[in-house]
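This report concerns only the one structure given below.
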């Protein structure tokens, strides 16, 4: 039986802890960031989501901004066919209504 890899779940919350959306960081995008090179090790917030199966973190708004910076900085090191997925994720995370996010693995 073939194993289907699910993405990292990213649950977004507004100021009163109300869920305002759920996004998946696709497994292939995660793999392109963390398996195709080792440059991610230079970025503190990427390190927090590097272990696909053990990731279970909550980031507040100031930390989300730092994660966005890390994602934008790693872009030059990942294959071009993943740039649009990465940019879409960043666009979602830039929504100022998001007060915190929970990122959980498989």
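The values are calculated or read from the model by the stated rules, or taken from the named source; none is laboratory data. All values reported here derive from a predicted model rather than from experimental measurement. Cβ sites come from the backbone with ideal geometry, for glycine too, and all protein chains shown count toward neighbours.
Pairing residues of segment 47-68 that are in contact (Cβ under 8 Å) with a residue 12 or more places away in the chain and at positive phi with residues that are in a loop (DSSP other than H, G, I, E, B) and surrounded by fewer than 17 Cβ atoms within 10 Å (Cβ to Cβ), at Cβ distances under 8 Å and at least 6 apart in sequence or on separate chains, gives no pairs at all.
Once segment 47-93 is narrowed to residues that are part of a loop (DSSP other than H, G, I, E, B) and under 12 Å from the mean Cα position of the chain (by Cα), the residue that is modelled with the lowest pLDDT is 52.
Say we look at segment 4-46 and pick out the residues that are touching a helix residue (DSSP H, G or I) at 6+ places or on another chain (Cβ under 6 Å) and assigned to a loop (DSSP other than H, G, I, E, B); which of these is surrounded by the fewest Cβ atoms within 10 Å (Cβ to Cβ)? Step by step, filter segment 4-46, then rank; the result is 5. Flag: residue 87 matches the condition of being at negative phi and out of contact with any strand residue (DSSP E or B) (no Cβ under 7 Å at 6 or more places or on another chain).
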